[in-house]
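Working notes, structure below.
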Amino acid sequence: MSSGGGALAACWCCGSEYPEWRIVRLGAHPEAGVCLSCTVSLRSTARRRETSSANWPARAVLGAVDRARGAVMKRQWQHLPVFGSLLRRINRHLP
Ligand SMILES: [Zn+2]
């Protein structure tokens, strides 16, 4: 560790060096740190993996919603006011 504010820490993800304030340290391994931009990409990777995991309970719900949406579309029910507004409401809350 060098003194002064100019010390750089290497990101354990991308390998680039950043000032300490741009590094997030791991809880159980504070010697390991990840830069802020890598935390963002790790987060999106984790999110993708989470939503593609068969163990993710909400996946079953999303699948059911997708099937219901498909059934409504096939029957052209989205033109009925009740189903149209329901679908729009569901779509607003789903990825
Ligand atoms: Zn990084």
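Residue-by-condition table, conditions (1) under 30 Å from Ala10 (Cα atoms); (2) part of a loop (DSSP other than H, G, I, E, B); (3) in contact with a strand residue (DSSP E or B) (Cβ under 6 Å, 6 or more places away or on another chain):
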site: Glu31; (1), (2), (3): yes, yes, no
site: Val34; (1), (2), (3): yes, no, yes
site: Val40; (1), (2), (3): yes, no, no
site: Arg43; (1), (2), (3): yes, no, no
site: Gly63; (1), (2), (3): no, no, no
site: Gly70; (1), (2), (3): no, no, no
site: Arg89; (1), (2), (3): no, no, no
site: Arg92; (1), (2), (3): no, no, no
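Ala54 falls short of the stated requirement of being out of contact with any Cys (no Cβ under 9 Å at 6 or more places or on another chain), open to solvent by less than 90 Å² (accessible area, probe 1.4 Å) and at pLDDT below 80.
I'd like the residue in segment 6-35 that is among the hydrophobic types (A, V, I, L, M, F, W, C) and near the ligand (Cβ under 8 Å from one of its atoms) and, out of all such residues, is surrounded by the fewest Cβ atoms within 10 Å (Cβ to Cβ). Of everything passing the filter in segment 6-35, Cys14 is surrounded by the fewest Cβ atoms within 10 Å (Cβ to Cβ). Can you find, within segment 45-61, the residue that is nearest to the ligand (Cβ to nearest atom) among those that are assigned to a helix (DSSP H, G or I) and over 15 Å from the mean Cα position of the chain (by Cα)? Once the filter is applied, the top-ranked residue is Pro57.
One line per residue, one yes/no per condition, for (1) open to solvent by less than 80 Å² (accessible area, probe 1.4 Å); (2) assigned by TED's automatic domain parsing to the domain that holds Tyr18; (3) away from the ligand (no atom under 16 Å from the Cβ):
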{"residue": "Ser37", "(1), (2), (3)": "yes, yes, no"}
{"residue": "Gly63", "(1), (2), (3)": "yes, no, yes"}
{"residue": "Arg69", "(1), (2), (3)": "yes, no, yes"}
{"residue": "Leu80", "(1), (2), (3)": "no, no, yes"}
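The values are calculated or read from the model by the stated rules, or taken from the named source; none is laboratory data. Remember, predicted model here, so these are calculated numbers, not experimental data. We place every Cβ from the backbone using ideal geometry, glycine too, and count neighbours over all the protein chains shown. Only protein heavy atoms, including side chains, enter the accessible area calculation; ligands, DNA and RNA are left aside. Shrake-Rupley method; radii C 1.70, N 1.55, O 1.52, S 1.80 Å.
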